[in-house]
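All of the numbers you see were taken from the coordinates with simple rules; none came from a lab. Note that the coordinates shown come from a computational prediction; the quantities given were computed from them, not determined experimentally. Here Cβ is always computed from backbone atoms with ideal geometry, including for glycine, and neighbour counts include all displayed protein chains.
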Amino acid sequence: MSHDEVPQLLARTVVVTGGALGIGGGISRRFASDGDHVVLVDIDEAAANATAAEIEADGGRCSVLVGDITADDTVAALVALVESEHGHADVLVNNVGDFRPAKSFFAKSPPEQWRRLHELNLWHVFAVTHALLPAMIAAGGGSIINVSTVEAFRGIPGSAVYSAYNAGVSAFTKSLAVELGPSRVRVNAIAPDLADTPQTPAELMLAGRDPALLRSWLPAGRFGQPEDFSGVVAFLASKDAAFITGHTIPVDGGTLAASGWYGKAAGRGWTNMPDHA
Ligand SMILES: NC(=O)c1ccc[n+]([C@@H]2O[C@H](COP(=O)([O-])OP(=O)(O)OC[C@H]3O[C@@H](n4cnc5c(N)ncnc54)[C@H](O)[C@@H]3O)[C@@H](O)[C@H]2O)c1
C-alpha cells in the first residue's frame with residue numbers, strides 16, 4: 001500500500017535504531033512506504049540524511065536523530081524528539097548490533113572489547129526500550145522488535161561474547177513479552193544470517209569465490225537483502241501478528257535448519273564434512 005492510500009490516523013510512529021544502512025535502512029524504508037512516520041536514529045549523519053531524503057522523495061515521512069545509541073544523551077534526545085513530535089512510539093525496532101569489535105579468540109580478548117560488545121549488542125536494547133516504554137504503555141500498547149542473530153542459537157568461534165549478548169537479546173525478548181502482555185505491548189525479535197550489508201558485504205564474504213557456490217553454503221542459495229528482513233519486521237509489527245509475542249524468528253535462508261549440513265560444491269547431494277566436495 002502506498003503512503004497516499006493510508007489514512008493519516010493509521011500512521012504509526014516507528015523508531016528504528018541504526019536505521020540508515022543495511023537491515024535497519026531496509027526497515028526504515030519499509031515502514032515509511034507503509035505510511036508510518038519513521039524516527040531514524042543513526043551514528044552516521046551522512047547516511048542517515050541520505051536515507052531520510054530517499055524516504056521523503058518517495059512521499060514518506062522521516063525524522064532523523066544523529067548519535068551513538070549506546071550514549072545516554074542520544075537516548076535522552078530520542079525520548080525528547082519522540083515526545084515532542086509524536087507523544088509516544090507505536091513501534092520500536094532495536095536494530096543496532098555489531099560483531100566486529102570481537103576479532104580475537106576469547107582467551108586473547110581484552111575486557112574492553114567485551115564492554116563495547118555489551119554496549120553495542122545488549123545495553124542499548126535495554127536503555128532505549130526502558131526509555132520509550134512508559135509512553136508506549138500509557139498510549140495503550142505497541143510493538144517492540146529486537147534484532148538478534150542466528151549466533152544466539154549456535155556456536156560461533158571467535159565471537160563467543162557477541163553470541164552471548166545476542167542470546168541475551170532473545171532471552172530479554174521472551175521475558176519482557178510475558179511481563180508486557182497485559183499492557184498490550186508485544187515483544188519479538190528476528191535472528192538474521194548472511195545479510196548483504198555494509199557490516200557483512202557479499203563481496204567480502206565471497207572473497208573472490210564463485211557466487212554459484214552459495215547453493216552449497218545455505219539452503220536458500222543466496223545472500224539476504226535488507227527487504228528479506230524488513231518484511232518480517234513489518235509483519236511482526238502488524239495486526240497479522242497480533243497473537244505472536246516473545247519469539248525470535250530466524251530469517252536466515254535456512255542456515256539454522258541445515259545446522260552444519262552443506263550442499264556439495266559440485267551440486268550433487270549434501271555433506272556435513274565440507275572438505276568432501
Ligand atoms: N549482516 C548480517 O548478516 C547479520 C547477521 C546476524 C545479525 N545481524 C544483526 O542485524 C543488525 C543490523 O546489521 P547490519 O548488517 O544491517 O549492520 P550494518 O553495520 O550494515 O548497519 C548498521 C547501521 O547502524 C548504524 N549504527 C552502527 N552503530 C551505531 C550506534 N552505536 N548508534 C547508532 N547507529 C549505529 C550504522 O551507521 C548503520 O546505519 C545488527 O544488530 C546485527 O548484529 C546482522
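For the stretch 194-272, the calculated P(r), taken from all Cα-Cα distances in 5 Å bins from zero up to the bin holding the longest distance, is 3, 14, 20, 20, 17, 12, 8, 5, 1 percent.
Note on the stretch 146-277: with charges restricted to the Cβ of Lys and Arg (+1) and Asp and Glu (-1), its dipole about the Cα centre is near 300 debye.
Let me know the whole percent of all Cα-Cα pairs from the stretch 100-142 that are separated by more than 11 Å. In whole percent, the long-distance tail amounts to 69. For the chain, the longest principal axis of the alpha carbon atoms and the long axis of helix 45-57 meet at an angle near 70°.
When you count, for each residue, the other Cβ atoms within 10 Å and take the mean per peptide, how do 239-245, 64-70 rank with the highest first?
Highest to lowest by the protection proxy: 64-70, 239-245.
Once backbone amide H atoms are built at 1.01 Å from N, V185 has G142 as its partners under 5 Å, excluding neighbours fewer than 5 places away on the same chain. Taking 7 Å steps out from each Cα toward its Cβ at R100 and A46 produces label points 1.4 nm apart.
Could you work out the mean projected area of the convex hull around the alpha carbons of the stretch 19-103, in square nanometres to one decimal?
Details: hull surface 22.6 nm².
Taking the Cα atoms of the stretch 19-103, their convex hull projects to 5.7 nm² on average.
By the equivalent-ellipsoid construction on the alpha carbon gyration tensor, the chain comes out with semi-axes of 32, 21, 19 Å, ordered largest to smallest.
So what is the calculated 222 nm ellipticity per residue for the chain, using -39500 (n - 2.57) for each DSSP H run with n of 4 or more, over all residues, to the nearest 500 deg cm²/dmol? Kindly include the intermediate steps, with their values, before the conclusion.
Values: 10 runs with 107 residues, N = 277.
Only helices count here, giving -11500 deg cm²/dmol.
Classify the stretch 66-188 as rounded, prolate or oblate from the Cα gyration tensor: take a ≥ b ≥ c as the square roots of its eigenvalues, call it rounded if a/c is under 1.5, otherwise prolate when a/b beats b/c and oblate if not. Oblate. Under 5 Å from the amide H of N146 lie the amide H atoms of N94, N188, A189, I190, each residue being 5 or more positions distant or on a separate chain, with H modelled from the backbone and absent for Pro and chain starts.
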